[in-house]
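What follows is a set of notes on a single structure, which appears directly below.
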Amino acid sequence: DGGITQSPKYLFRKEGQNVTLSCEQNLNHDAMYWYRQDPGQGLRLIYYSQIVNDFQKGDIAEGYSVSREKKESFPLTVTSAQKNPTAFYLCASSPQMNTEAFFGQGTRLTVV
Amino acid sequence: AQSVTQPDIHITVSEGASLELRCNYSYGATPYLFWYVQSPGQGLQLLLKYFSGDTLVQGIKGFEAEFKRSQSSFNLRKPSVHWSDAAEYFCAVRLTGGGNKLTFGTGTQLKVEL
């Protein structure tokens with residue numbers, strides 16, 4: 001089935017450690033996105049990529065990094081510089097930038 | 001900067017009653033407009049979208065939304081709510097003409113009383 005796969009669903013890390021969240025899509029979409037969701041704040045854009053080997057910062061990129069080496073994959077690294085990394089992270093993709101986005105099931109990251 | 005406002009954080013309705021969730025956006029031009037639904041611990045599912053044309057848009061699960069340019073609004077409606085509609089609903093806006101950011105409102109949590 002076509003879709004967006006995020007793994008793992010739950011992730012626990014110790015404070016100060018970097019952690020990488022996986023996002024894979026088999027929809028042949030050009031654009032991919034990472035959002036962070038916190039209660040009462042909606043979804044905030046971390047990074048997005050319109051094409052392979054290119055990506056741009058969103059509204060809250062500090063403490064995060066991404067890569068887009070393949071069309072299907074857009075991993076997000078939460079670095080130790082992110083001051084409050086515990087959150088629900090959502091990956092999305094869209095055929096083009098001006099269309100609707102399709103979402104994965106999310107990864108809940110807890111940093112202790 | 002574009003912004004999306006969902007003024008109702010929580011709404012409770014009885015099963016079978018009608019529903020309207022409010023969404024207002026702040027942007028000079030007409031953007032692309034979306035409504036998504038999210039069940040607890042899950043990703044977001046697209047309910048409907050508006051790009052252009054007829055301002056009354058039909059979506060999945062019996063939902064509809066009406067775009068009102070004069071009010072900068074895109075309210076979501078359903079004539080008769082089912083208990084399974086309990087979820088969080090997000091309005092989203094994307095700039096037209098090559099825009100790149102999909103901006104979300106803070107969401108409205110819907111509770112359905114049986």
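Where a number appears in this text, it was derived from the coordinates with a stated rule and is not lab data. From a predicted model like this one, the values you see are computed outputs, not experimental measurements. Note that we place each Cβ from the backbone using ideal geometry, even for glycine, and neighbour counts take in every protein chain shown.
Of note:
- Equivalent ellipsoid of chain B: semi-axes from √(5λ) of the C-alpha gyration tensor, largest first, are 24, 14, 12 Å.
- Computed from the alpha carbon atoms alone, the convex hull of the protein assembly as shown holds 126 Å³ per residue.
- Distance from the Cα centroid of the range A:70-102 to that of the range B:35-75 is 23 Å (rounded to whole angstrom).
- Here the Karplus relation 6.51 cos²θ - 1.76 cosθ + 1.60, evaluated at θ = phi - 60°, turns the backbone of the range B:77-89 into coupling constants of 9, 8, x, 9, 7, 9, 4, 6, 7, 4, 4, 10, 10 Hz, with x for every Gly and Pro.
- Summing charges over all other residues whose Cβ lies under 13 Å from the Cβ of B:R94, with Lys and Arg as +1 and Asp and Glu as -1, gives +1.
- From least to most packed, judged by other beta carbons within 10 angstrom and beginning with the fewest, B:Y27, A:Y10, A:Y47, A:Y33 follow the order A:Y10, B:Y27, A:Y47, A:Y33.
- Mean separation of Cα contacts under 8 Å (6+ apart) over length of the range B:29-73, as relative contact order %: 27 percent
- Multiplying the residue separation of A:S7 and A:E69 by 0.36 nm and removing their Cα-Cα distance gives an extension gain of 20.5 nm.
- Choice from A:G16, A:G40, A:G63 with maximal GNM fluctuation in chain A (Cα, 10 Å cutoff): A:G40
- The modelled label-to-label distance between A:N98 and B:L114, using points 7 Å beyond Cα along the C-beta direction, is 4.8 nm.
- Likely footprinting exposure, B:W35, B:W83, fewest C-beta neighbours within 10 Å first: B:W83, B:W35
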